[in-house]
Amino acid sequence: MFAGRLTDEILESRCSTQYFSELRELDISSCKLRDFDEMFDETKFPNLRELNLSHNNLVTLKGFGYLPKLKILTVSANKLETLISSPNDDGYPKGLLGLTGLEVLDISYNNITDLYGLHFAPIKELKILNASNNNITKLEHIDHLKDLREVDLSNNRIRQFDGNSFANDHQIACLRMEDNGLRGLSHIEKLEKLQFLFLHGNRIGDFWDVEKLENCPKLMEL
């Protein structure tokens, strides 16, 4: 009878209370979930701050409604291929569109090929983005996330940075790019607040590329 759909009964079995409105943290990882449409919104979970949905079988984020108080969302180790979620016909926000207060987003270990969809999401307070261990080929669509402090894109397929990969007013202090096959560091000089840069397992062979890091005055560790 269980088809991977989240129900109230499953939630009650994982919660310390049957009053969902009281919950601030919720862990429903490793439940073989495939779907939770119209389950998470402000009406049902008005005080939810942290939600862990890792190690399930989710292929989309469209099940999220309006959850403005959610700060930490973990959906690692699922089957996500995209971050796009269109609003309902009545304009009701879905997916990342309704998570306006999000500060930490973990989408690692999925099947995501690009970050398309982030630029539509009003998540201007996002500080930590973990998109490691995906199939991302290009770093883009994060230029409006001015409050980003930590970005983890290790174990992807990003070969180079483009002119729109970073913004001059980015606050990124820690950037993880291990095991991507990077061939150069063009445009990284835009990250004037960068302190920690991890580049193990790449293909940077030109010493002049390393010299560009001189324009990152706060860099403490390479």
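The values are calculated or read from the model by the stated rules, or taken from the named source; none is laboratory data. A quick note: this is a predicted structure, and the numbers were derived from the prediction, not measured. Ideal geometry is used to build each Cβ from the backbone, glycine not excepted, and the neighbour counts take in all protein chains shown.
Brief remarks follow.
- Some residue of the range 122-134 being closer than 20 Å to Thr100 by Cβ, in contact with an Asp or Glu (Cβ under 6 Å, 6 or more places away or on another chain), outside any loop (DSSP other than H, G, I, E, B) and not β-branched (Val, Ile, Thr): yes
Here's the yes/no breakdown for (1) buried (at least 22 other Cβ atoms within 10 Å of the Cβ); (2) in contact with a His (Cβ under 8 Å, 6 or more places away or on another chain); (3) over 23 Å from Asp169 (Cα atoms); (4) not charged (D, E, K, R):
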residue: Thr60; (1), (2), (3), (4): no, no, yes, yes
residue: Tyr66; (1), (2), (3), (4): no, no, yes, yes
residue: Pro93; (1), (2), (3), (4): no, no, yes, yes
residue: Leu97; (1), (2), (3), (4): yes, no, yes, yes
residue: Leu102; (1), (2), (3), (4): yes, no, no, yes
residue: Gly117; (1), (2), (3), (4): no, yes, no, yes
residue: Asn130; (1), (2), (3), (4): no, no, no, yes
residue: Asn133; (1), (2), (3), (4): no, no, yes, yes
residue: Asp152; (1), (2), (3), (4): no, no, no, no
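- Candidate set: the range 84-112, residues that are among the charged types (D, E, K, R) and more than 10 Å from the chain's Cα centre (by Cα); chosen: the one modelled with the lowest pLDDT: Asp89
- Among the residues of this structure, Asn111 counts as one that is more than 21 Å from Glu125 (Cβ to Cβ), touching a residue at least 12 places away in the same chain (Cβ under 8 Å), surrounded by fewer than 18 Cβ atoms within 10 Å (Cβ to Cβ) and touching a Lys or Arg at 6+ places or on another chain (Cβ under 9 Å).
- The one condition from (1) in a loop (DSSP other than H, G, I, E, B); (2) touching an Asp or Glu at 6+ places or on another chain (Cβ under 8 Å); (3) not acidic (Asp, Glu) that Phe161 does not meet is (2).
- Residues that are on the phi < 0 side of the Ramachandran plot and within 14 Å of the chain's Cα centre (by Cα) within the range 64-78 comprise Leu70, Lys71, Ile72, Leu73, Thr74, Val75, Ser76, Asn78, listed in sequence order.
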